[in-house]
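Following: one structure in structure tokens, then a few remarks.
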Amino acid sequence: MLKFPFAVICEACGAQTVIFLSSMASSTVICLMPGMYRDHVISMLMALGAACLAGDAIFHLIPHVSYAT
């Protein structure tokens, strides 16, 4: 079993906390925007999320295809 140093665990938790707080801050800013502009931003973010998921799936499938031949 691997034993991680305490500093590595603290750095990982700190990085996760920074990411969480930035996402919560951006969610708050988006909720406070005017209606029409907010709808455009949310649509853009949903499209970006779908594209990231599709790209990630393709990159995960490439090794399976190359080893199948």
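Things to note:
- Estimated inter-spin distance, ALA54 and ILE19, nm [label 7 Å along Cα→Cβ]: 2.3 nm
- Reciprocal mean inverse distance between Cα atoms of the chain - Kirkwood radius, Å: 15.8 Å
- Spacing of the modelled spin labels on TYR67 and SER27, each 7 Å from Cα toward Cβ, amounts to 3.6 nm.
Taken together, the values in this text are just the output of simple stated rules run on the coordinates, not laboratory data. It should be emphasised that the depicted structure is a prediction, and the values quoted were computed from it without experimental measurement. Glycine gets a Cβ as well: all are built from the backbone with ideal geometry, and neighbour counts include every protein chain shown.
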